[in-house]
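One structure below.
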Amino acid sequence: MVVRVVGEMDRDTAPEVEAAVDEVLGGARVESVVFDLGGVTFLDSAGIRVLLTCRELAERAGAGLVVERAHEVVRQVLTITDLMGVLRVAPAAES
């Protein structure tokens, strides 16, 4: 399952992203959830919460979660919040 997020991942968009992931994980066998954040220009605490919640949902469903194509601004937020070691984030060269 690939989740492509474009624009801002914030309190306005986070609930929709979380609901979509939850719906798919609840109804289908998924081996992995890939968050393609190549189009994300802003990530706030609500966006971070969604990534962590979706990681938990994926783990409960027996799937992994990977963040790919994260721009530098997103990587900075994940680094500052010490989440680069918590979330599986593909290296920039592989993104």
Go through the residues of region 25-41 one by one and say whether even a single one is touching a Cys at 6+ places or on another chain (Cβ under 7 Å) and outside any loop (DSSP other than H, G, I, E, B). yes
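Could you please find all residues in region 56-76 being part of a helix (DSSP H, G or I) and either hydroxyl-bearing (Ser, Thr, Tyr) or more than 15 Å from Arg4 (Cα to Cα) (or both)?
Answer for region 56-76, where residues must be part of a helix (DSSP H, G or I) and either hydroxyl-bearing (Ser, Thr, Tyr) or more than 15 Å from Arg4 (Cα to Cα) (or both): Glu56, Leu57, Ala58, Glu59, Arg60, Glu72, Val73, Arg75, Gln76.
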May I ask you to list the residues in region 3-26 that are surrounded by fewer than 18 Cβ atoms within 10 Å (Cβ to Cβ) and under 13 Å from Ala63 (Cα atoms)? Asp22, Val24, Gly26
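Val50 - would you say it is in a helix (DSSP H, G or I) and touching a residue at least 40 places away in the same chain (Cβ under 8 Å)? Spell out how you get there, then give the answer.
Values: in a helix (DSSP H, G or I): yes; touching a residue at least 40 places away in the same chain (Cβ under 8 Å): yes.
Judged against the criteria, Val50 is a match.
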Just one of (1) at pLDDT below 95; (2) farther than 18 Å from Glu18 by Cβ trips up Ile80, so point out which. (1)
Quick check on region 60-95: of everything there that is surrounded by fewer than 13 Cβ atoms within 10 Å (Cβ to Cβ) and of a type in the set (D, E, K, R), which residue is farthest from Val40 (Cα to Cα)? Arg60
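The values are calculated or read from the model by the stated rules, or taken from the named source; none is laboratory data. Note that the structure is a prediction, hence the values are computed from the model and not measured. Please note: Cβ atoms are built from the backbone with ideal geometry, for glycine as well, and neighbour counts cover all protein chains shown.
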